[in-house]
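The values are calculated or read from the model by the stated rules, or taken from the named source; none is laboratory data. If you're wondering where the values come from, they're calculated on a predicted model, not measured in any experiment. Cβ atoms come from the backbone with ideal geometry, glycine included; neighbour counts cover every protein chain shown.
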Amino acid sequence: MALAADRRLQHVQSSDGKSLRARNDAFSFWKLPEDWRETVTDSIDKSRIQAEHFLFERYVAFMERRRQRSTLPGDKSDQFTSRFSSRIEARSRARLNFPHWPCETALIEYWRRWLRQVLEELQINDGWHLAFWPKGARCSIVLTHDICNSADCEQIEAISTLEGAFGFRSAWYLPLEDLECNLRRIEELRSRGVEFGVRDASADGKDEIRRLKPRLERAVRDCQLKGFRSPSACRDVGRVSGLNCDFESSFCDTDPFESRPGGTCSIFPFFIGGSVELPLTLARDHTLIRLLRRNPLATWSLKADWIANAGGMILLATEPRYVSIEPHLSAYKDLLSHLARLDAWHALPSEIAAWWRHRDEAALVVCQDQPQVVGADAGELVVRRLSEVPIFQ
């Protein structure tokens, strides 16, 4: 059985054992049996192009051109070319047909259609795949916070203690220019399980990648930071792929409220160059509290339940200036209580990124209807029937 598995894996590995798969394609997303690959090769290649149309927000440029053509010269009322601050304008964004907010299903529906077509082509009703999360957890939960100033830093310990009471740990993204003054606090809190990343807090996002990259790499090395986040309005696939970081988290699955509305449509991690992208999948507190002027709990809980039912990644990014004060602190406590009741893997961003790479490096082979994981340490990898997968149901 092992020999047969090795033979089936040969065509997807180079001589040094590194994966040659296009990792954002549908076959890699589902992690299907390798003996299916040859039959659906053409479909796999096409699926990567289609998936990255969403994941890399390639549709955004097309939408912007359409909006520009529909706007009269000199007309300054185009709601898609400037940042909104009023409640009425924000609500109009929420009514966009695509990407829909707060839940966008386009990519999920594509994954489902592709898999159903494969099953029809193979003339089977079910099959095996590698579960999305360790030990077969239904979904994953990641809590992150963006530090804007020294007052935010003062809230790290209190908020982390609150999260710990519900069984969570969180990651905090510190401004690149303020790292030195925070080094002592970083060391104190890291020993308690708190994770730290770095963020580019420039308001205009005009830092050129050739200038930002050395500073980022030095900060990650010297301060042992994990992950990167840039302003959502400045998100760019080319910018991210040029950074030497293990993972980053600047994109949202859907966000019509930024000056550049869009979203990856993904509630799962994916790859941008050599980095794992961890998209934000719950609405930002700034959006809900400042723009929409609503208690964030209802929207957070609704979206979290939807993601959990689909088996995806619930990733929240908040700012301490909101969640550390009432009534938003109570809303955050209620959210933690709600999330704690879900059948989920509670993870830090670095753990999610490491897991997604590990899952990607593994392969599934089936011999005599017996599934086996090869190409990586099986560890917590779980093989499940497709009919049991929430996202496929």
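Out of region 343-393, which residues are basic (Lys, Arg) and more than 23 Å from Ala171 (Cβ to Cβ)?
First, the residues of region 343-393 that are basic (Lys, Arg): 357, 359, 384-385.
Hits for region 343-393 are Arg384, Arg385.
For Ser191, which of the numbered conditions (1) farther than 30 Å from Arg385 by Cα; (2) modelled with pLDDT of 90 or more; (3) hydroxyl-bearing (Ser, Thr, Tyr) fails to hold?
(2)
Has region 126-138 got any residue that is loosely packed, with under 14 Cβ neighbours inside 10 Å, more than 21 Å from the chain's Cα centre (by Cα), part of a loop (DSSP other than H, G, I, E, B) and in contact (Cβ under 8 Å) with a residue 40 or more places away in the chain?
Taking every residue of region 126-138 in turn, at least one turns out to be loosely packed, with under 14 Cβ neighbours inside 10 Å, more than 21 Å from the chain's Cα centre (by Cα), part of a loop (DSSP other than H, G, I, E, B) and in contact (Cβ under 8 Å) with a residue 40 or more places away in the chain.
Would you check if there is a residue in region 371-381 being surrounded by 15 or more Cβ atoms within 10 Å (Cβ to Cβ), touching a Cys at 6+ places or on another chain (Cβ under 8 Å) and modelled with pLDDT under 95?
Step one: list which residues in region 371-381 are surrounded by 15 or more Cβ atoms within 10 Å (Cβ to Cβ), which gives 371-376, 380-381.
Add one more test, that the residue is touching a Cys at 6+ places or on another chain (Cβ under 8 Å), and what stays is none.
Checked region 371-381: no residue is surrounded by 15 or more Cβ atoms within 10 Å (Cβ to Cβ), touching a Cys at 6+ places or on another chain (Cβ under 8 Å) and modelled with pLDDT under 95.
Cβ contacts < 6 Å: first residue under 8 Å from Ala26 (Cβ atoms), restricted to region 37-51; second residue part of a helix (DSSP H, G or I), any location; separation 6+ or different chain. Result?
Partner pairs satisfying both residue conditions: Ile44/Phe27; Ser47/Ala26; Ser47/Trp114.
Give the residues of region 226-273 that are assigned to a strand (DSSP E or B) and out of contact with any strand residue (DSSP E or B) (no Cβ under 6 Å at 6 or more places or on another chain), sorted by residue number.
To start, the set of residues in region 226-273 that are assigned to a strand (DSSP E or B) comprises 228-229, 247-248, 252, 255, 262, 270-272.
Asp255, Gly262, Phe271, Ile272 - these are the residues of region 226-273 that are assigned to a strand (DSSP E or B) and out of contact with any strand residue (DSSP E or B) (no Cβ under 6 Å at 6 or more places or on another chain).
In region 300-318, which residues are surrounded by fewer than 19 Cβ atoms within 10 Å (Cβ to Cβ) and not small (Gly, Ala, Ser)? Working first, answer last.
At the first step, the residues of region 300-318 found to be surrounded by fewer than 19 Cβ atoms within 10 Å (Cβ to Cβ) are 301-302, 305-306, 309.
Those that are surrounded by fewer than 19 Cβ atoms within 10 Å (Cβ to Cβ) and not small (Gly, Ala, Ser): Leu302, Asp305, Trp306, Asn309.
So, in region 1-52, of the ones that are at pLDDT 90 or above, within 19 Å of Phe132 (Cβ to Cβ) and of a type in the set (Ser, Thr, Tyr), which residue ends up surrounded by the most Cβ atoms within 10 Å (Cβ to Cβ)?
Selected residue: Ser47.
Are any of the residues in region 131-152 in contact with a Leu (Cβ under 6 Å, 6 or more places away or on another chain), β-branched (Val, Ile, Thr) and modelled with pLDDT under 95? Let's see the steps before the verdict.
Pass one, region 131-152, residues in contact with a Leu (Cβ under 6 Å, 6 or more places away or on another chain): 141-143, 147.
Next cut, β-branched (Val, Ile, Thr) only: 141-142, 147.
Now restrict to residues that are modelled with pLDDT under 95: 147.
Within region 131-152, one or more residues are in contact with a Leu (Cβ under 6 Å, 6 or more places away or on another chain), β-branched (Val, Ile, Thr) and modelled with pLDDT under 95.
Give me the residue from region 292-318 that is under 18 Å from the mean Cα position of the chain (by Cα) and either part of a strand (DSSP E or B) or at pLDDT below 95 (or both) and, out of that set, farthest from Thr161 (Cα to Cα).
By that ranking, first place goes to Met313.
Let's see how each residue does on (1) among the hydroxyl-bearing types (Ser, Thr, Tyr); (2) at positive phi; (3) touching a Lys or Arg at 6+ places or on another chain (Cβ under 8 Å); (4) not in a strand (DSSP E or B):
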residue: Trp345; (1), (2), (3), (4): no, no, yes, no
residue: Ile352; (1), (2), (3), (4): no, no, no, yes
residue: Pro371; (1), (2), (3), (4): no, no, no, no
residue: Ala378; (1), (2), (3), (4): no, no, no, yes
residue: Arg384; (1), (2), (3), (4): no, no, no, no
residue: Ser387; (1), (2), (3), (4): yes, no, no, yes
residue: Ile391; (1), (2), (3), (4): no, no, yes, yes
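Mind listing whichever residues of region 258-285 are surrounded by fewer than 18 Cβ atoms within 10 Å (Cβ to Cβ) and within 21 Å of Cys148 (Cα to Cα)?
Once the filter is applied, which keeps residues that are surrounded by fewer than 18 Cβ atoms within 10 Å (Cβ to Cβ) and within 21 Å of Cys148 (Cα to Cα), region 258-285 yields only Ser259.
Anything in region 153-183 that is assigned to a strand (DSSP E or B) and modelled with pLDDT under 90? List them, or say none.
So in region 153-183, the residues assigned to a strand (DSSP E or B) come out as 170-175.
Passing the criteria: Leu174, Pro175.
Given the conditions (1) assigned to a helix (DSSP H, G or I); (2) over 29 Å from Leu119 (Cβ atoms); (3) out of contact with any helix residue (DSSP H, G or I) (no Cβ under 6 Å at 6 or more places or on another chain); (4) at pLDDT below 95, which single one is not true for Ile289?
(3)
Take Ala106 and decide whether it is at pLDDT 55 or above and within 30 Å of Ala171 (Cα to Cα).
Numbers: at pLDDT 55 or above: yes; within 30 Å of Ala171 (Cα to Cα): yes.
So Ala106 fits the description; yes.
Of the residues in region 256-286, how many are acidic (Asp, Glu) and modelled with pLDDT under 95? Break it down stepwise before answering.
Restricting attention to region 256-286, the residues satisfying the condition of being acidic (Asp, Glu) are 258, 277, 285.
From the residues that got through so far, the ones that are modelled with pLDDT under 95 too are 258, 285.
Residues in region 256-286 being acidic (Asp, Glu) and modelled with pLDDT under 95: 2 in total.
Looking only at region 277-286, which residues are part of a helix (DSSP H, G or I) and in contact with a Pro (Cβ under 9 Å, 6 or more places away or on another chain)?
Residues of region 277-286 that are part of a helix (DSSP H, G or I), as a first pass: 285-286.
Correct list: Asp285 only.
Could you figure out which of (1) closer than 19 Å to Ala331 by Cα; (2) over 14 Å from the mean Cα position of the chain (by Cα) isn't true of Gly274?
For Gly274, the failing item is (1).
If you check Ile352 against the conditions, is it within 29 Å of Glu34 (Cα to Cα) and of a type in the set (A, V, I, L, M)? Quick ask: steps written out before the conclusion?
On the way: within 29 Å of Glu34 (Cα to Cα): yes; of a type in the set (A, V, I, L, M): yes.
So Ile352 passes the test.
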